[in-house]
Amino acid sequence: MIRFENVFFSYGDKWAVQNFNLTIRKGEFVALLGSNGSGKSTIARLANGLFLPNKGSVFVDGFSTSEIGEELKAKVGLVFQNPDDQFVGTTVEEDIAFGLENLAVEREEAKRRILEISELLDIGKYLRTSPSMLSGGEKQKVAIAGVLVMQPRYLILDEITALLDPVNRKEIFDFVFQLARRKNIGVLYITHISSEALNADKVVVLHGGKKVAEGIPAEVFRNFSLMESVGVSVPDSFYLSNELYKLGITTKDVLNEEDFLKIL
Amino acid sequence: MIVLENVSLTYDSGTIFQKAAIKNVSLSIRKGESVSIVGKIGSGKSTLVQFFNGLIKPDSGKVFVGGEDLGSKETNLKSVRRKVGLVFQYPEEQFFAETVFDEVAFGPKNMGLSGKELKDAVWQSLSDMGFNPSDVANLSPFGLSGGEKRRIAIASIIAMNPEVLVLDEPTSGLDYTGRNLLIEYLKNENKKGRTLVFVTHNMDEALEVSRRVIAMKDGKKVFDGNSEDFFTSEELVYGIGLDVPFVVKVWKKLKKRFPELPFCRSSKELVDFLYGGPAR
Ligand SMILES: Nc1ncnc2c1ncn2[C@@H]1O[C@H](COP(=O)(O)OP(=O)(O)OP(=O)(O)O)[C@@H](O)[C@H]1O
Ligand SMILES: Nc1ncnc2c1ncn2[C@@H]1O[C@H](COP(=O)(O)OP(=O)(O)OP(=O)(O)O)[C@@H](O)[C@H]1O
Ligand SMILES: [Mg+2]
Ligand SMILES: [Mg+2]
């Protein structure tokens, strides 16, 4: 598991993350929400040892991130918010292969994995293209492939569906959500799309670098006034469901879109 | 205001990477309109909007802005870019200045603004984007979070007061407050007469912001018309590989029970109506 223990981090004179505690277990899907600048991406970088805490510690499977380096990056895969921050290769294929070479994965195995992931994410057609020649959403998919191909034990996903159309968004989301279950991977999923947090095992809300809520989605989102005050939206389905229930139009108050459409 | 006539573009033409990104697209956007552009990833949206201010030239076909042919040598592209302000998909990658003030001031300064006029333009656009200007003016734009950078980038374009505002997925990465602020700002600017072109992957936003929608598929324009007609047609929307806005799905169900329910462009509008509020 990944464990944050009283973690503080600062870029300069003020704390970007303050006294932060969190556990992400294997097989668990944890959604991290919070307004712009609340510290989400900073936490992402602390989770895989790219940043080290100024105070407190982050442990991955019992080892502090300040003690292990390279090894950690293979174990904790981080997909950046901006795909351009991630590209290293001159072609998409090289880019995806890069991490595997660093892990000294055998050539045949590397080939097999690259093929598998490109089929899965439907990016096979750009393997020989330069990442710089792709559209925004295409880049995002390639960046995701580059991390998934390493088969990390934990995944830190920083707004990875922000540039995708609704169908691709749903496909990618469902895929990483299932990964937690099927492959027993611990996922920290950062998003501004609160409906993506509806099926999470746990929702964590940040504000000004501090954790202000943690719990199952129904509990966290039900606190409308807190969500409002920290600038986090409740999913539209939840908002509408709640209003229609109060109006007596529906007889049940539900969380997600499918359930809501069913009872209408 | 903006007219495209049979425009086509192929990237890396003649190489094995050749990619036909725009295929024979014609369209016309009138002054004061608000148009949302939707389409799957790679369908040509970003390429299309870069024709609008002459950043990309088509291989064939013509582009006119305010009646001027952008392919003609006489046309001053600089003045076209002033008229048509374009916010890129990842605008923050283009940052260059040491302070937020200089970043936002760059455009208006080039237009000849200085002194108090310049400061006012910068201050106004920063506060339009929800900042307290004096808090951020002296910060480095590079040291901001993703969503903060995005709003600075938008401020730097609106500071030039362009007649046409073109935004390529400006809400991706914005938080709840920032998104609402931007959507309200855009709707309001359009009401005041500013022409608006809005690229988005969020179908609910497209419906809320614009009465007109253009849908792209594989480089072709496959729909251009009323956004209500578009988003209420499952056949059209699913055919292009997109999704029906959530509010439309809900509205359709409710309409069966409440025949008098008018079409609603946002969940807020829907709730207001049901409460007998402003929409009624
Ligand atoms: N490189 C940096 N240098 C200085 N300050 C930074 C840097 N990166 C982030 N910050 C600041 O640290 C705080 C947290 O930033 P972070 O990027 O973690 O936020 P976030 O929650 O990911 O926001 P967003 O939703 O906008 O991506 C913000 O106040 C931000 O301005
Ligand atoms: N600079 C470039 N060089 C070569 N091909 C490009 C370049 N930019 C885009 N393309 C290709 O042209 C097609 C259209 O790209 P465009 O960026 O216009 O799509 P888009 O609709 O904006 O997609 P997204 O929603 O992912 O941003 C894509 O298939 C893309 O791979
Ligand atoms: Mg971030
Ligand atoms: Mg694009």
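Report, by residue number, each residue of the range B:186-208 that is touching a Lys or Arg at 6+ places or on another chain (Cβ under 6 Å) and within 20 Å of A:GLY136 (Cβ to Cβ).
Hit for the range B:186-208 is B:VAL199, nothing else.
Are any residues in the range A:121-168 under 26 Å from B:VAL87 (Cα atoms) and without any contact (Cβ under 8 Å) to a residue 24 or more places away in the chain, and if so, which ones?
The answer is A:MET133, A:SER135, A:GLU138, A:PRO166, A:VAL167.
For a quick check of your reading of the model, give me the residue pairs whose first member lies in the range A:219-241 and is more than 8 Å from chain B (Cβ to nearest Cβ) and more than 15 Å from A:VAL204 (Cβ to Cβ), whose second is small (Gly, Ala, Ser) and surrounded by fewer than 22 Cβ atoms within 10 Å (Cβ to Cβ), with beta-carbon atoms closer than 8 Å and at least 6 apart or on different chains.
A:PRO235/A:SER195
From the list B:PHE64, B:PHE52, pick out the single residue that is under 14 Å from B:MET1 (Cα atoms), open to solvent by less than 50 Å² (accessible area, probe 1.4 Å) and within 13 Å of ligand 2 (Cβ to nearest atom).
B:PHE52
Can we say A:VAL88 is open to solvent by less than 20 Å² (accessible area, probe 1.4 Å), farther than 24 Å from A:VAL230 by Cα and more than 16 Å from ligand 2 (Cβ to nearest atom)?
Considered against the rule, which asks whether it is open to solvent by less than 20 Å² (accessible area, probe 1.4 Å), farther than 24 Å from A:VAL230 by Cα and more than 16 Å from ligand 2 (Cβ to nearest atom), A:VAL88 comes out as no.
What are the residues in the range A:23-70 that are away from every other protein chain (no Cβ under 14 Å), crowded, with 20+ Cβ neighbours inside 10 Å and in contact (Cβ under 8 Å) with a residue 60 or more places away in the chain, if any?
A:ILE24, A:GLU28, A:PHE29, A:VAL30, A:ALA31, A:ALA47, A:ASN48, A:VAL60
Before we move on, is B:GLU5 open to solvent by 50 Å² or more (accessible area, probe 1.4 Å), in contact (Cβ under 8 Å) with a residue 24 or more places away in the chain and within 16 Å of ligand 1 (Cβ to nearest atom)?
Taking the combined requirement at face value, the residue does not satisfy it.
In the range A:91-120, what count of residues is obtained for those that are closer than 17 Å to A:GLY136 by Cα and surrounded by fewer than 19 Cβ atoms within 10 Å (Cβ to Cβ)?
Here the count works out to 1.
Return the pairs, sorted by first residue and then second, in which the second residue is within 16 Å of ligand 3 (Cβ to nearest atom) and of a type outside the set (S, T, N, Q), the first residue lies in the range B:40-62 and is within 14 Å of chain A (Cβ to nearest Cβ) and assigned to a loop (DSSP other than H, G, I, E, B), the beta carbons are less than 9 Å apart, and the residues are 6+ apart or on different chains.
So the pair list comes out as B:ILE41/A:LEU163.
On the given criteria, is A:GLY37 within 9 Å of ligand 1 (Cβ to nearest atom), farther than 16 Å from A:PRO152 by Cα and modelled with pLDDT under 95?
Answer is yes for this residue.
Taking the range A:165-193 as the search range and keeping residues that are part of a loop (DSSP other than H, G, I, E, B), surrounded by 20 or more Cβ atoms within 10 Å (Cβ to Cβ) and more than 16 Å from ligand 4 (Cβ to nearest atom), which one is farthest from the other protein chains (Cβ to nearest Cβ)?
A:ILE185
Let's see how each residue does on (1) open to solvent by 50 Å² or more (accessible area, probe 1.4 Å); (2) at positive phi; (3) within 14 Å of chain A (Cβ to nearest Cβ); (4) under 18 Å from the mean Cα position of the chain (by Cα):
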{"residue": "B:SER127", "(1), (2), (3), (4)": "yes, no, no, no"}
{"residue": "B:PHE131", "(1), (2), (3), (4)": "no, no, yes, no"}
{"residue": "B:VAL136", "(1), (2), (3), (4)": "no, no, yes, no"}
{"residue": "B:THR171", "(1), (2), (3), (4)": "no, no, yes, yes"}
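Tell me, please, whether a residue that is within 16 Å of ligand 4 (Cβ to nearest atom), among the β-branched types (Val, Ile, Thr) and either surrounded by 24 or more Cβ atoms within 10 Å (Cβ to Cβ) or in contact (Cβ under 8 Å) with a residue 24 or more places away in the chain (or both) can be found in the range B:159-166.
Yes, some residue in the range B:159-166 is within 16 Å of ligand 4 (Cβ to nearest atom), among the β-branched types (Val, Ile, Thr) and either surrounded by 24 or more Cβ atoms within 10 Å (Cβ to Cβ) or in contact (Cβ under 8 Å) with a residue 24 or more places away in the chain (or both).
Restricting attention to the range A:130-173, which residues are of a type in the set (Asp, Glu) and under 30 Å from A:GLU71 (Cβ atoms)?
Matches in the range A:130-173: A:ASP158, A:GLU159.
Specify which of the listed residues (B:PHE230, B:PHE223) is away from chain A (no Cβ under 11 Å), open to solvent by 20 Å² or more (accessible area, probe 1.4 Å) and aromatic (Phe, Trp, Tyr).
Just one listed residue meets the conditions, B:PHE223.
So, in the range B:206-218, how many residues would count as being in a loop (DSSP other than H, G, I, E, B), surrounded by 23 or more Cβ atoms within 10 Å (Cβ to Cβ) and not hydroxyl-bearing (Ser, Thr, Tyr)?
0
Any chance you could count how many residues in the range B:71-118 are free of Cβ contacts under 8 Å to residues at least 12 places away in the same chain and either open to solvent by 50 Å² or more (accessible area, probe 1.4 Å) or under 13 Å from B:ALA137 (Cα atoms) (or both)?
14
Please identify the pairs in which a residue from the range B:17-28 that is away from chain A (no Cβ under 14 Å) has its Cβ atom under 6 Å from the Cβ atom of a residue that is away from ligand 3 (no atom under 16 Å from the Cβ) and hydrophobic (A, V, I, L, M, F, W, C), counting only partners at least 6 apart or on another chain.
Listed pairs, sorted by first residue: B:VAL25/B:LEU4; B:VAL25/B:VAL7; B:SER26/B:LEU4; B:LEU27/B:LEU4; B:SER28/B:VAL3.
Are any residues in the range B:111-141 over 19 Å from B:GLY178 (Cβ atoms) and within 14 Å of ligand 1 (Cβ to nearest atom), and if so, which ones?
If the condition is that a residue be over 19 Å from B:GLY178 (Cβ atoms) and within 14 Å of ligand 1 (Cβ to nearest atom), then B:ASN138, B:SER140 are the ones that fit.
In the range A:206-258, which residues are open to solvent by 50 Å² or more (accessible area, probe 1.4 Å) and within 11 Å of A:SER194 (Cβ to Cβ)?
A:ASP236, A:TYR239
Select from the range B:234-250 the residues that are open to solvent by 30 Å² or more (accessible area, probe 1.4 Å) and either modelled with pLDDT under 95 or over 20 Å from the mean Cα position of the chain (by Cα) (or both) and list them in ascending order.
Within the range B:234-250, B:GLU234, B:GLU235, B:LEU236, B:TYR238, B:GLY239, B:LYS249 meet the criteria.
Just a yes or no: is a residue in the range A:144-151 open to solvent by 60 Å² or more (accessible area, probe 1.4 Å), away from chain B (no Cβ under 14 Å) and either within 16 Å of ligand 2 (Cβ to nearest atom) or not in a helix (DSSP H, G or I) (or both)?
Yes - at least one qualifying residue is present in the range A:144-151.
The values are calculated or read from the model by the stated rules, or taken from the named source; none is laboratory data. In this text, all values refer to a predicted model and were calculated from it rather than measured experimentally. All Cβ positions, glycine included, derive from the backbone under ideal geometry; neighbour counts span all protein chains shown. The protein model used for the area step is the full one, side chains on, heavy atoms only, and it has no ligands, DNA or RNA in it. Shrake-Rupley method; radii C 1.70, N 1.55, O 1.52, S 1.80 Å.
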